[in-house]
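Engineer: Following this message is one structure expressed as structure tokens.
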Amino acid sequence: AVLDGLDEQRGELNSYERLYLDVLRLYWEHRYEEALPLFREVVARNPLERSVRGGYAQAAIWTNRPREAVSTIENAAKRQEPAPVFCDTLCIALHMLGQHERELEEARAGSAKFPNMPDFVFAEAHALAALGRVDEVGRLVEENFRGVEVQRIRLAVEASVELRAHGHPKAALDVAQQVVDELPPDPARNGFTRWYLATLMMLAEQPDDAHALYADLASEFPDNIIFVGT
């Protein structure tokens, strides 16, 4: 609605503002291939604009251009202190490039700099799994997010998926099973916590339990496309 209102006032905007408006429209409509050339132009004209550069890096990832994402984030870091989204996006790009040692380094640096950002713990799990450091993945899951149920489940999901993807199916199963066993059924959990738990049950090779929980969510939230679709 905000973008529509601004579109009606295009004649009052300067050329940079119109460019900014267009790139936001394409970004929020997920038209990343079309957005990329405009992102490049906006960043060239205003290299200190954090939000646009962050969107540019993410669009580069979503169009399978991780090197371009790394490049724009590194250029931003030369000019100003990186925002958390830059650090997280950098980890994703490095993972896509197979640069897992650097990914691990950036993930741990991100956790140290932004301790309240759980995404860096997930990024550390991704890197460790890709490097085959199975025991360290297990310790990471064991030690993090005690008392924060949804994040603990999410971490186990992320770790299990990455371990399986990188050729460690037994470790993937063990990580998933460990956290599932910690969590007795509780209908008071919110929808997304239960959804993540059902996903973890799938990874723990408990499809019947997962199916029952997914079915409950679909029945309880019939307008939620994620719950119904799963």
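The values are calculated or read from the model by the stated rules, or taken from the named source; none is laboratory data. Everything quoted here is computed from the prediction, not taken from an experiment. Don't worry about glycine lacking a Cβ; one is built from the backbone with ideal geometry, like all the others, and counts go over all protein chains shown. Keep in mind that these areas ignore ligands, DNA and RNA; they rest on the heavy atoms of the full protein, side chains included. Shrake-Rupley method; radii C 1.70, N 1.55, O 1.52, S 1.80 Å.
Engineer: May I ask you to compute the full-extension gain from residue 46 to residue 17, defined as 0.36 nm times their residue separation minus their alpha-carbon distance, rounded to one decimal in nm?
Structural biologist: 9.3 nm
Engineer: Taking R0 as 25 Å, what's the FRET efficiency between residue 143 and residue 109 from their Cβ-Cβ distance, rounded to 0.05? Display every interim value, and only then the final one.
Structural biologist: Working: r = 18 Å, r/R0 = 0.74.
The pair residue 143/residue 109 has a calculated efficiency of 0.85.
Engineer: Using the heavy atoms of the protein chains and a 1.4 angstrom probe, tell me the accessible area per residue for segment 121-202 in square angstrom.
Structural biologist: Result: 45 Å² per residue.
Engineer: Provide the FRET efficiency to the nearest 0.05 for the residue 33-residue 8 pair, computing r from the beta carbons and using R0 = 25 Å.
Structural biologist: It comes to 0.40.
Engineer: Still on this structure, I have one more. Ignoring ligands, DNA and RNA, what percent of the accessible area of segment 1-104 is carbon or sulfur (1.4 Å)?
Structural biologist: Of all accessible area on segment 1-104, carbon and sulfur atoms account for 52 percent.
Engineer: Take residue 101 and residue 186, extend 7 Å from each Cα along the Cα→Cβ direction, and tell me the distance between the two endpoints in nm.
Structural biologist: Using points 7 Å along Cα→Cβ, the separation is 4.2 nm.
Engineer: Between residue 80 and residue 173, what length in nm is gained on full extension when 0.36 nm per residue of separation is reduced by their alpha carbon distance?
Structural biologist: 29.3 nm
Engineer: Quick one: helix 134-143 against the long Cα principal axis of the chain, what's the angle to the nearest 10°, folded into 0 to 90?
Structural biologist: Between helix and principal axis, roughly 90 degrees.
Engineer: Once you keep just the Cα pairs under 8 angstrom separated by 6 or more residues, what percentage relative contact order results for segment 1-148?
Structural biologist: Computed value for segment 1-148: 13 percent relative contact order.
Engineer: Could you tell me how many degrees, from 0 to 90 and to the nearest 10, lie between the Cα long axis of helix 66-79 and the main elongation axis, the longest principal axis, of the Cα atoms of the chain?
Structural biologist: 60
Engineer: Compute the long axis of helix 207-220 from its Cα atoms, compare it with the longest principal axis of the Cα atoms of the chain, and write down the angle in degrees, 0 to 90, nearest 10.
Structural biologist: The helix 207-220 is inclined about 50 degrees to the chain.
Engineer: Whenever you get a sec, line up 205, 12 from highest to lowest accessible area (probe 1.4 Å, protein heavy atoms).
Structural biologist: Working: 205 115, 12 150 Å².
The ordering from most to least exposed comes out as 12, 205.
Engineer: What does the helix-only formula give at 222 nm for the chain: each DSSP H stretch with n ≥ 4 adding -39500 (n - 2.57), the total divided by the residues, and the result rounded to the nearest 500 deg cm²/dmol?
Structural biologist: Computed mean residue ellipticity for the chain: -23500 deg cm²/dmol.
Engineer: Expressed as cubic angstrom per residue, what is the convex hull volume of the alpha carbon set of the chain?
Structural biologist: Spread over its residues, the Cα hull of the chain gives 145 Å³ apiece.
Engineer: Determine, from the Cβ-Cβ distance of residue 218 and residue 117 and an R0 of 41 Å, the FRET efficiency 1/(1 + (r/R0)^6), rounded to the nearest 0.05.
Structural biologist: Computed FRET efficiency for residue 218 and residue 117 comes out at 0.85.
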